[in-house]
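*Asks:* Here you go, one structure.
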Amino acid sequence: MRCLGAAASGLVLSLAFEPVVVPWVLPFAVAGLLVCIAGLRPGRAWWPGLAFGVAFYFTHIWWMRAVATAAWIALAGIEALFYGLFAVFAAALMTRRMWPVWVSAAWVTIEIWRSQWPFSGMPWGRLAFATVDTPVEWSLPWIGMVGVSLVLALLSALLAWMVLTRGARWHGVLAIVVVLAGIGLADAVRFALPVTGERTIAAVQGDVPGPGNDILYDYRGVTRNHVDATLGLAADVAAGRRPRPDFVVWPENSTAVDPFTDLETNGGIRRAASAIGVPVLVGAIVDDGEKYVLNQGIVWDPVTGAGDRYTKRHPVPYGEYIPLRRYIDANFGQLAQITRDMRAGTRSAPLTIAGVRVADAICFDVAYDDGLRAQIEGGAQLVTVQTSNATFIFTDQTDQQFAITRLRAIETGKWVVVASTNGVSGVIDPDGDVVDTAPKRTTSVLLDRVELRDGVTPGVRWGVWIGRVCIGTTLLGLILVTLPYRRYRKVRSPAPAMEEEPA
């Protein structure tokens, strides 16, 4: 019954995210898991936790089946294990006084852990990602994604505490009121970075020929679409129908072959950049030897050619590289198309495009904290997201990622320009509002005036430290739980028998 209840709670949690988007169920879903594991020994708590993880994660990333069913099972299965591990930690920490504090720290610790490991981690499904268009989103500039997940986990734990501990009901109500008051205060006193300038930016969505969900179906056609759309923009600028942008953003995979070795691709990019007369941030797959490739955003100047580059920091396991390739047979489904593994980038400085310091993120990078934080602390004034998502165009992944991107705009306090091959492209302001967007599976050119904002929000600057405090708190709690057990075992253990002295 506990496992069934935990599985039901996991399914309920999936409803907080796209496509259903009922965020108010989130604290009740996590509280339901805690109620199901209450009173269990840590070893037995593993099973309800695993049931929760399987029900939640296999539903939440159902879209991974677009890559391959095996990839969906492998990735969701690995992530589900982390919820079993959380239940082990939580069952131990729930034996301590004021356990909601310890347990909420443990939830955040597990989120951080699974967002970084194994295979570079998978951050999808963090509690903070379910807060778009809710009052909670205004806490993001103050405490960041990590802090918001902590607040939501604490709210969930307090609800469970009230259910499980009769004597704590009034204390629980008071604590919940304090948490909600903090959320309301962040809504009332919204953080905003100073505006230091404005620029006109173009985002090109060229569309994907054929079925729309396969970049390789006609990869040269994808590049031609982006070249032609940029040439069309240049013609409109020359005719005075549209203002000239300061720079242009193309999406990830706008070239699926190396633009430095493929003459047709190279010529198309140079022709487009020359016609528009401003730099183009090109999304390109670049060769890195015989066995590897790089997924890069390349600043292509109309005069000097290719310059500054950002390399994707978090390639997708089973989507862009095959973990443990030497030990498995990956010659089936869409996995067979991954003939070379994608290397991860390490850049921490923002790009400089037409005098603007730009924090770039390529596709799934937007869901990770490290890359954007490093570039924004390095002085970025604007955020660009280059994404393909063509593989997932018929799934809810595109909407989930765009919701995460909107939350990043609020957290960073920056304008965000998103260019996708065929959706979702858009321009987002620091309040998370979508200023402009293009219909999916269309060729469109967004041209918008955006603000440049200097500085770093408290959430970006201190979010990593909130995470470190949670990790330290979790470790301390587990140590405090373990020590009394060790002392008990030591006291109860029989004394060794005395040997008799020989006569």
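*Asks:* Suppose every Lys and Arg Cβ carries +1 and every Asp and Glu Cβ carries -1, with no other charges. What dipole size does the stretch 288-431 come out with about its Cα centre, to the nearest 20 debye?
*Replies:* Details: 14 positive and 17 negative charges, 67 e Å.
That gives the stretch 288-431 a dipole magnitude of about 320 debye.
*Asks:* Now a separate question. Could you please put His226, His314 in sequence from largest to smallest accessible area, using a 1.4 Å probe?
*Replies:* On the way: His226 0, His314 20 Å².
Putting His226, His314 in descending order of accessible area: His314, His226.
*Asks:* List nothing, just return the count: lysine pairs in the chain, 8 or more apart or interchain, with Cα separation under 26 Å. Don't skip to the answer; put the middle values down first.
*Replies:* Numbers: Lys291/Lys312; Lys312/Lys414; Lys312/Lys440; Lys414/Lys440.
Step by step, the pairs that qualify in the chain add up to 4.
*Asks:* Out of Thr59, Gly423, Ala403, whose Cα points farthest toward the positive end of the dipole of the chain (charges: +1 Lys, Arg; -1 Asp, Glu; placed on Cβ)?
*Replies:* Final value for the positive-end residue is Thr59.
*Asks:* Residue-wise, which Karplus ³J(HN,Hα) couplings in Hz belong to the stretch 441-449, taking 6.51 cos²θ - 1.76 cosθ + 1.60, θ = phi - 60°, and x for glycine or proline?
*Replies:* 6, 10, 8, 9, 10, 8, 9, 9, 8
*Asks:* Contact order normalised by length for the chain, with contacts defined as Cα pairs under 8 Å and 6 or more residues apart; what percent is it?
*Replies:* Relative contact order, the chain: 17 percent.
*Asks:* Please work out the average accessible area per residue across the chain, using the 1.4 Å probe convention, and give it in Å². Before the final figure, lay out the partial values.
*Replies:* Numbers: 21200 Å² over 503 residues.
About 42 Å² of surface per residue is accessible.
*Asks:* Consider all pairwise Cα distances in the stretch 56-127 and report the whole-number % of them above 22 Å.
*Replies:* Working: 711 of 2556 pairs.
Value for the stretch 56-127 (Cα pairs over 22 Å): 28 percent.
*Asks:* Another one. What do you reckon, how do Tyr368, Tyr327 stack up by accessible area (1.4 Å probe), largest on top?
*Replies:* Correct descending sequence by accessible area is Tyr327, Tyr368.
*Asks:* Also, quick follow-up: If I fit a long axis through the Cα atoms of helix 219-238 and take the longest principal axis of the Cα atoms of the chain, what angle between them do I get, 0 to 90°, rounded to 10?
*Replies:* The angle comes out near 60 degrees.
*Asks:* Any idea what the relative contact order of the stretch 176-262 is, in percent, if you count C-alpha pairs under 8 Å spaced at least 6 apart? Walk me through the numbers on the way to the answer.
*Replies:* Values: 67 pairs, mean separation 29.1, N = 87.
Computed over the stretch 176-262, the figure is 33 percent.
*Asks:* What is the magnitude of the charge dipole of the stretch 243-309 about its Cα centre, with +1 placed on the Cβ of each Lys and Arg, -1 on the Cβ of each Asp and Glu, and no other charges, expressed in debye to the nearest 20?
*Replies:* Values: 5 positive and 10 negative charges, 57 e Å.
My answer is approximately 280 debye.
*Asks:* Express the carbon and sulfur contribution to the solvent-accessible surface of the stretch 176-257 as a percent, rounded to the nearest whole number, probe 1.4 angstrom. Display every interim value, and only then the final one.
*Replies:* Numbers: 1940 of 3480 Å².
Carbon and sulfur: 56 percent of the exposed surface of the stretch 176-257.
*Asks:* Relative to the longest principal Cα axis of the chain, at what angle does helix 26-37 sit, 0 to 90 degrees, rounded to 10?
*Replies:* Result, in degrees: 30.
*Asks:* Still on this structure: About the Cα centre of the chain, what is the dipole size in debye to 20, counting +1 per Lys and Arg Cβ and -1 per Asp and Glu Cβ, all else neutral? Walk me through the numbers on the way to the answer.
*Replies:* Details: 44 positive and 43 negative charges, 332 e Å.
I would put it at about 1600 debye.
*Asks:* Once both axes come from the Cα atoms, what is the angle between helix 140-164 and the longest principal axis of the chain, in degrees from 0 to 90, rounded to 10?
*Replies:* 30 degrees
*Asks:* Of all DSSP beta bridges in the chain, what percent run antiparallel (nearest 5)?
*Replies:* On the way: 32 of 51 bridges.
DSSP beta bridges in the chain are roughly 65 percent antiparallel.
*Asks:* Give the shape of the stretch 131-199 as rounded, prolate or oblate, defined through the alpha-carbon gyration tensor: a ≥ b ≥ c are the square roots of its eigenvalues, a/c under 1.5 means rounded, and otherwise the shape is prolate if a/b is larger than b/c and oblate if not. Display every interim value, and only then the final one.
*Replies:* Details: a/c = 4.09, a/b = 2.85, b/c = 1.44.
Judged from the Cα gyration tensor, the stretch 131-199 comes out prolate (a/c at least 1.5, a/b above b/c).
*Asks:* Ok, one more. Of Ala344, Leu159, Gly147, which is farthest on the positive side of the dipole of the chain, counting Cα position, with +1 on Lys and Arg Cβ, -1 on Asp and Glu Cβ, and the Cα centre as origin?
*Replies:* Leu159
*Asks:* While we're on this one: Roughly how many whole Å is it from the C-alpha centroid of the stretch 368-420 to that of the stretch 83-153?
*Replies:* If you average the Cα positions of each part, the centres end up 20 Å apart.
*Asks:* Compute the Cα gyration tensor for the stretch 1-64, then decide on rounded, prolate or oblate, letting a ≥ b ≥ c be the square roots of its eigenvalues: rounded whenever a/c is under 1.5, prolate when a/b is larger than b/c in the other cases, and oblate in all that remain. All intermediate terms of the calculation are to be shown ahead of the outcome.
*Replies:* On the way: a/c = 3.12, a/b = 1.68, b/c = 1.86.
Note, shape of the stretch 1-64 comes out oblate.
*Asks:* Sticking with this structure for a sec: As I understand it, the dipole of the chain uses +1 on the Cβ of Lys and Arg and -1 on the Cβ of Asp and Glu, about the Cα centre. Which of Phe86, Ala16, Ile112 lies farthest toward its positive end?
*Replies:* Phe86
The values are calculated or read from the model by the stated rules, or taken from the named source; none is laboratory data. Small disclaimer: the values here were computed from a predicted structure and weren't measured. Every residue, glycine among them, receives a Cβ derived from its backbone with ideal geometry; neighbour counts consider all protein chains shown. SASA here: full protein model, heavy atoms, side chains in, ligands and nucleic acids out. Shrake-Rupley method; radii C 1.70, N 1.55, O 1.52, S 1.80 Å.
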